[in-house]
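Each reported figure results from applying straightforward, stated rules to the coordinates on display, with no laboratory input. Treat the numbers as computed from the prediction; the structure is a model and nothing was measured. Cβ atoms come from the backbone with ideal geometry, glycine included; neighbour counts cover every protein chain shown.
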Amino acid sequence: MSGGSCLLLSEKHPMATERYNPRASEPKWQKAWAEKKLFEAHNDDPRPKYYMLEMFPYPSGRIHIGHVRNYTMGDVVARYKRAKGFNVLHPIGWDAFGLPAENAARDNNVNPRDWTYANIKTMKGQLKSMGLSWDWAREFATCDASYYKHQQKMFLDFWKAGLAERKSAKVNWDPVDMTVLANEQVIDGRGWRSGALVEQRDLTQWFFKITSMAQELLDSLSTLERWPDKVKLMQANWIGRSEGLLIRWPLAAATAPAGERELEVYTTRPDTIFGASFMAIAADHPLTKRAAEDNAELAAFIKDIKRGGTATAEIETAEKKGFDTGIRVVHPFDESWTLPVYVANFVLMDYGTGAIFGCPSGDQRDLDFANKYGLPVIPVVMPQGADARTFQITEEAYTDDGVMINSRFLDGMTPQAAFDEVATRLSGIAIGNRPQAERKVQFRLRDWLVSRQRCWGAPIPVIYCDDCGAVPVRAENLPVELPDHLSFDKPGNPLDNHPTWKHVDCPQCGKPARRDTDTMDTFVDSSWYFARFTDPWNEAAPTTMAVVDGKNGWLPVNQYIGGVEHAILHLLYSRFFTRAMKATGHLNVVEEPFDGLFTQGMVVHETYRIGSGANGQYVTPAEVRVDMIDGERKAALISDGTPVEIGAIEKMSKSKKNVVDPDDILANYGADTARWFVLSDSPPDRDVIWTEAGVEGAHRFVQRVWRQVSEAAPALAGVSPAQGVSGPALELSRMAHRAAKQVAEDIERIAFNKGIARLYELVNAIQTLAPAGAFTAGKSEPSGSNVLGGGSLNPENAPALRQALEMLVIMIAPMMPHLADECWSTLGGTGFVAERPWPVYDPALVVDSEIVLPVQVNGKKRGDLTIARDADQGAVEKAVLALDFVQKALEGKAPRKVIIVPQRIVNVVA
RNA sequence: GCGGACGUGGCGGAAUUGGUAGACGCAAGGGACUUAAAAUCCCUCGAUCUCUGAUCGUACGGGUUCGAUUCCCGUCGUCCGCACCA
């Protein structure tokens, strides 16, 4: 066992059959498929449509093993669906805008465009060697002007429709990437790409109004039956709906700054209103600003918490701090009850109203705050059955359901009833022209900030004129193309620094004006590419209404496959974009872009390290050999035998060096072996551990199939396939037909590992019933248990063997398409396997006429009963009670009960 | 802190609605073939014991059931998402 090179393919064999050589075979078939345009879909093909899509790659330079797994899975589904008679659309393109190109451009003094297209060329070559059944005729990159032109058109359409707007807001600023980020792109307070602590800045930027669809995006999750629950839950949490009450608290006149009358708060727990003991408002709250005008101490406090609070991450860990403004509010249900108003560092200005009422007994954070500042703690909800007179809250808030106490007219109610009672009463009281409280649904979701201060993206097609303001670029002037030359000499956005690009005349008045030098978030590019694939040739419009969706259209994507890391960002944005496209006339009916979603696991690998601690150095699997020494796996450097420590199994990463290069695998073993390996063993949604031994196992299987087929082929020349009727031929047909049924079901359910196990079983059975080698070598063993007779293939059995092998070849084709075609042509088949339909199984062959029923006594298996499949319950019971071990267990007594689960099991209760 | 998922041999994992636990693969051990190696083929492979059989066994402790890997309650552990969201 080693992680190093492999010589398998260069070995010479004196045996009759040559080893299968993927290096010769795979390019041959890839070329033949391309020439036949086998995988190009036609929009006017009358067969039922099936749209199979994998998340398209970013052209980083080289493919990684995760691509191999993702695209193999999609290819299995695409090839299978073709065999099932569908007109399959299986396109590929490039998510080609983004920061790595800019960084490469800056560091190596190249044009980001050249860098990107060179990478695409390299990766395209690599991916083509995998034999994926993609429709390359529809390929595009999002950095093609012919693509982003339409995106710019849709941006303007969204603007016109009120789905995009320019507004000033507090935004996340990434100080390393020097750009703003959307909320979704801030992870643990850091930029999703740079990892830098994100700062808050007030800027005027473009937003897509995704919040206007918050309710709809939430509700429609329940219609996505073929999405993982996990992803739906993550989206639901992200949208973060809550139901509450907006309550206006009058300020006590003597304590309020001049002109200030009330404080409006949002709460989801109005039932706890009699447990309120303080109000807390954000540092940015207007009332805070008023209060600080003549309170230097407060002003200093605000300055202090704002300094600590520029970075989101710091807010999260900061100690809870408050400052009593001296302002008092009056309790809505008791004019004589006033509560202090604090400025607190834990209250966020951009959620709710930026103000809360604190109920210490029902909220841990409020309790901590109250204990710190000596504020009252009044229990208002207690568990069922507790004693209201003695129930107390000291260190731990009570947040569960229960009974209302210490709450006057709410006492004895459930919190839910109390919620409604408070809502009803306060809604009925008017202050000025408005009720004192109203029900309000609040979302956590914020609008999608799409402006980026970057040069390698789709330009925002807006011109700013001193007189006319923000003016859309005229449709006939689209696309707004990026300039050919970009200079990274100066800091900041090269588009902004460009000497001429931004200077244009106002489309409205003709006066000199300036372009928007921001580009769109690259997640905009990937929010509609799936729609563009349906007709990438349309120059006039983003989509062609006749084919994009609806009766004769492609969308929604039937099966989408990609990484779970896009569970929120890409998938939520795409769902919004699809709705926005429908609203602006770019789609007919579809609102959900992806009917079926599958999130595949990662490819992980052991790590290898020399030395430990700070001196430890990771080494690549290719440099290491692993041997079994005294039952223990030991690793050492191949070069000089230096001992190497075997570390944890982790996601492949450059820093841990636990990467395997797909190119090496493809060169050593071929695409089919790589494809087969990434599909076997682990369920597709879980991580798969890459091991050299596993790859070699996959390669052994490739050779086994080849040997089986190629050695039987001469004996099968001129034989027509047919089902076997008896003996080993019948058994062979049973196995093949059963596999045809099961493998299809497994692929439909995206359980490729199980389908592969079935195929192993089938090959094992074929090998037992028709031993390879017997056809060519003179040393066969004639036997009644296989299809041979007298040392060669019994002619009576030949049709069944031919059928089983043909079925096998068609069934392995989705996973190992090159080997399948090589086998197919060796068997004398015409055309390509990809043109063959999926084998139809004979239902009579997949059920046995006799079944083996396990027999339990008192729930423990004691033996089997072989009986006719259609035997009735009475016959089964009789036969069971006659069994030796049952008789013995019953000791002559009658059974208390006999439970017969038809076709499954019998349990005798003694 | 909140929400969710998961826990099965030496390893990856099967077991479709509660019905034979360990399919299939990997690793390991033994054998055949070979001058030798590779390749290939055959056999063994959850644990224990009084070994032609029996007992135990799906993280741990309970429960429901004729029957539990599967359902319920509790404990422990691992992973993921969100996180001062009022």
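Things to note:
- Taking a sphere under 11 Å around the Cβ of residue A:747 and counting the other residues whose Cβ falls inside, with K and R at +1 and D and E at -1, yields a net charge of +3.
- Around the amide H of residue A:862, modelled in the peptide plane, lie the amide H atoms of A:855, A:856, A:857, all under 5 Å away and 5 or more residues distant in sequence or on another chain.
- Between residue A:644 and A:635, A:636, A:637, the built amide H atoms are under 5 Å apart, and every one of these is 5 or more places off in sequence or on another chain.
- Long-range Cα-Cα pairs in the range A:109-222 (distance over 19 Å), rounded percent: 69
- 17 Å Cα-Cα reach of residue A:232 towards lysines, excluding residues that sit fewer than 8 places from it in its own chain: none
- Calculated Rg and Dmax of the range A:167-246 using C-alpha coordinates, Å: 15.4, 41
- Globularity ratio of the range A:261-304, using Cα Rg and 2.2 N^0.38 Å: 1.40
- Contact order, relative form, for chain A: 13 percent (alpha carbon pairs under 8 Å, 6 or more residues apart, mean separation divided by residue count).
- Cα pair distances of the range A:669-770 binned at 10 Å [whole percent]: 14, 39, 33, 12, 1
- Under 13 Å, Cβ to Cβ, from residue A:417 - net charge with Lys/Arg +1 and Asp/Glu -1: -4
- Computed over the alpha-carbon pairs of chain A, the distance histogram in 20 Å steps reads 11, 32, 32, 19, 5, 0 percent, short to long.
- Rg/Rh for the range A:467-558 (Cα atoms only, Rh after Kirkwood) is 1.09.
- Each peptide in A:187-198, A:270-281 receives the mean, over its residues, of other Cβ atoms within 10 Å, and ordering these scores from highest gives A:270-281, A:187-198.
- Qualifying trypsin sites (Lys or Arg not before Pro) for the range A:809-879 [loop in DSSP, other Cβ within 10 Å: at most 14]: A:869
- Computed packing ranks the peptides A:363-372, A:478-487 as A:363-372, A:478-487, most packed first, by mean other Cβ atoms within 10 Å.
- P(r) histogram, all alpha-carbon pairs of the range A:789-910 included - 10 Å bins from 0, percent: 11, 28, 16, 16, 18, 10, 2
- Each semi-axis of the equivalent ellipsoid for the range A:854-901 is √(5λ) with λ an eigenvalue of the Cα gyration tensor; in descending order they amount to 17, 11, 10 Å.
- Lysines with Cα under 16 Å of residue A:49, excluding same-chain neighbours fewer than 8 positions away: A:81, A:84, A:551
- Helix-only [θ]222 nm of chain A, DSSP H runs n ≥ 4, -39500 (n - 2.57) each, per residue, nearest 500: -10000 deg cm²/dmol
- Sequence-ordered 3J(HN,Hα) estimates for the range A:410-424 from the Karplus curve with 6.51, -1.76 and 1.60 and θ = phi - 60° stand at 8, 3, x, 7, 7, x, 5, 5, 5, 3, 5, 5, 5, 4, 5 Hz, glycine and proline given as x.
- Per-peptide packing, taken as the mean over residues of other Cβ atoms within 10 Å, places A:669-677, A:578-586 in the sequence A:669-677, A:578-586 from highest down.
- When the pairs A:31/A:657; A:160/A:582; A:36/A:121; A:511/A:582; A:230/A:651 are compared against a 25 Å limit on Cα-Cα distance, A:31/A:657; A:511/A:582 fall above it.
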